[in-house]
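The values are calculated or read from the model by the stated rules, or taken from the named source; none is laboratory data. Keep in mind that this is a model prediction, so the values were computed, not measured. FYI the Cβ positions are ideal-geometry reconstructions off the backbone, even for glycines, and counts take in every protein chain you see.
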Amino acid sequence: MRILENYDLTTLNTLGISAHAKFFFILEKESDLKDLFLSGCFKDNPKFFLGGGSNVLFTRDFNGIVILNKLKGIEILRENPENVWVRSLGGEIWHDLVNFATKRGYWGIENLSLIPGTVGAAPMQNVGAYGAELKDVLENIEVYDIQSTAKIIFTKEECELGYRDSVFKNKLKGKYFISAITVKLSKKEKKNISYKVLQEYLEKNKIQVKSSRDISDAVSAIRRSKLPDPAFIPNAGSFFKNVFLQKNKAAKFFKQYPNAPHFEEDEMTKIPAAWLIEQAGWKGKRVGNAGVHEKQALVLVNYGAASGAEIKNLAEQIIASVFAKFGLKLIAEVNLI
Ligand code: EPU
């Protein structure tokens, strides 16, 4: 087992922030986990598990051990005439799992195409896009207790998945390492084209959806047209969560802002954070090397050599200005380290 020191994380986070980890370990075999957890270096230092680095902002060097999950493998566990259960190790790229499913004609994760990051990170924040969430298909996840090193299975319910949220971001934060997930997909057509932007795209391009692949292609095209590619403009996708208001609070808000876009979801009213940010004048703005993307105001970008502190500072300015204008508090979706 080889633990590296003073490791440069610049290429391992999609915001391209230059930060160093005091210690660094590349996890390639599940059998290395126990040795790692029992090592002095692991026990005595703060730890951070890294997947695709697409939802993290390193605000400074990390004075502890970063573990890069490279556990690979996707397999079909079982199937019946209706469904198929697919298990993927956590170090797989999320979109590779989507491709595995759509190539075989399975339905359930095609709306989640091109979400950056790894499979192991997906349950942490219950990844979601274009009207679907991991929650809709998750069967269970496999985790390791980092204290006892025991392997445990969490059912979907035990993961307490919510909007960009799970038990692992809350009461169980830092206690478990997610090694694999199993999703239950459908072999029968189960198309979900309720999301307005997706529906409009299909209509405009006269696309008749015949397979999960058709939806995957459409979602990929929409994402490519709106969201910056981290390979060219480093970013971490949506930097903030959308805002959900209860009915009475929403009614008050719409008295003042009758034209605000909104979507009813789970008894709550969703106000797009991108709209709030745009209205506060931030869309396309640049502060030093940090900026707000010109096509999607929810995305903060690194134009060059922005430091983590610079991006954080921009995020704080946006939060303050949206609060001053609308009285609504934006919450970061990205994990600030
Ligand atoms: N809008 C603006 N200005 C903008 C962009 C959007 O006013 O610059 C408004 C429009 O009214 C639009 C609405 O926001 O109708 C919704 O926009 P969009 O459909 O692009 O989605 P979003 O709410 O901005 C969320 C997710 C994305 C996901 C898309 C599609 C969050 C925090 N973000 O964005 O997820 O891809 O929906 O489902 O929920 C991510 O998490 O990194 C991510 C990219």
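Taking the condition of being in contact with a strand residue (DSSP E or B) (Cβ under 6 Å, 6 or more places away or on another chain) and of a type in the set (A, V, I, L, M, F, W, C), how many residues in region 116-137 meet it?
Residues meeting the conditions: 2.
Being without any contact (Cβ under 8 Å) to a residue 24 or more places away in the chain, of a type in the set (A, V, I, L, M, F, W, C) and within 14 Å of the ligand (Cβ to nearest atom): is that true of Ala260 here?
Answer is yes for this residue.
Which number in (1) over 18 Å from the mean Cα position of the chain (by Cα); (2) in the same structural domain as Ser307 (by TED's automatic domain parsing); (3) buried (at least 16 other Cβ atoms within 10 Å of the Cβ); (4) within 13 Å of the ligand (Cβ to nearest atom) marks the one condition that Asn242 misses?
Checking Asn242 against (1) over 18 Å from the mean Cα position of the chain (by Cα); (2) in the same structural domain as Ser307 (by TED's automatic domain parsing); (3) buried (at least 16 other Cβ atoms within 10 Å of the Cβ); (4) within 13 Å of the ligand (Cβ to nearest atom), the one that fails is (1).
Tell me, which residue of region 271-293 that is more than 10 Å from the ligand (Cβ to nearest atom) and not polar (S, T, N, Q) is nearest to Tyr257 (Cα to Cα)?
Of everything passing the filter in region 271-293, Ala280 is nearest to Tyr257 (Cα to Cα).
Rundown of residues vs (1) surrounded by fewer than 16 Cβ atoms within 10 Å (Cβ to Cβ); (2) within 16 Å of the ligand (Cβ to nearest atom); (3) not assigned by TED's automatic domain parsing to the domain that holds Phe244, yes/no style:
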residue: Ser148; (1), (2), (3): yes, no, yes
residue: Ile153; (1), (2), (3): yes, no, yes
residue: Cys159; (1), (2), (3): no, no, yes
residue: Lys173; (1), (2), (3): yes, no, yes
residue: Ser179; (1), (2), (3): no, no, yes
residue: Val183; (1), (2), (3): no, no, yes
residue: Ser186; (1), (2), (3): no, no, yes
residue: Ile193; (1), (2), (3): no, yes, yes
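For the list (1) without any contact (Cβ under 8 Å) to a residue 24 or more places away in the chain; (2) farther than 23 Å from Met268 by Cβ; (3) outside any loop (DSSP other than H, G, I, E, B), I need the number of the one condition that Lys210 fails.
Result: Lys210 passes all but (3).
Does region 72-80 include one or more residues that are within 30 Å of Asn6 (Cα to Cα) and in contact with a Gly (Cβ under 8 Å, 6 or more places away or on another chain)?
Yes - at least one qualifying residue is present in region 72-80.
Run down Gly281, Gly291 and say which single residue is at pLDDT 95 or above, of a type outside the set (Asp, Glu) and at positive phi.
Answer to the selection: Gly281.
Here is a yes/no grid of residues against (1) in contact (Cβ under 8 Å) with a residue 24 or more places away in the chain; (2) touching a helix residue (DSSP H, G or I) at 6+ places or on another chain (Cβ under 9 Å):
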residue	(1), (2)
Asn242	yes, yes
Gln256	no, yes
Lys283	no, yes
Lys295	yes, yes
Lys312	yes, no
Ala315	yes, no
Ile318	yes, yes
Gly327	no, yes
Asn335	yes, yes
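List the strands (runs of 3 or more DSSP E) inside region 80-174, counting only whole elements, that have at least 1 residues being within 12 Å of the chain's Cα centre (by Cα), modelled with pLDDT of 95 or more and of a type in the set (D, E, K, R).
Of the strands (runs of 3 or more DSSP E) lying wholly inside region 80-174, none has at least 1 residues that are within 12 Å of the chain's Cα centre (by Cα), modelled with pLDDT of 95 or more and of a type in the set (D, E, K, R).
If you take the residues of region 1-28 that are under 16 Å from Thr118 (Cα atoms) and in contact with a Lys or Arg (Cβ under 9 Å, 6 or more places away or on another chain), which of them is surrounded by the fewest Cβ atoms within 10 Å (Cβ to Cβ)?
Only one residue fits best here, namely Glu28.
May I ask you to list the residues in region 298-329 that are of a type in the set (A, V, I, L, M), over 17 Å from the mean Cα position of the chain (by Cα), part of a loop (DSSP other than H, G, I, E, B) and under 23 Å from Gly117 (Cα atoms)?
Those that are of a type in the set (A, V, I, L, M), over 17 Å from the mean Cα position of the chain (by Cα), part of a loop (DSSP other than H, G, I, E, B) and under 23 Å from Gly117 (Cα atoms): Ala305, Ala306.
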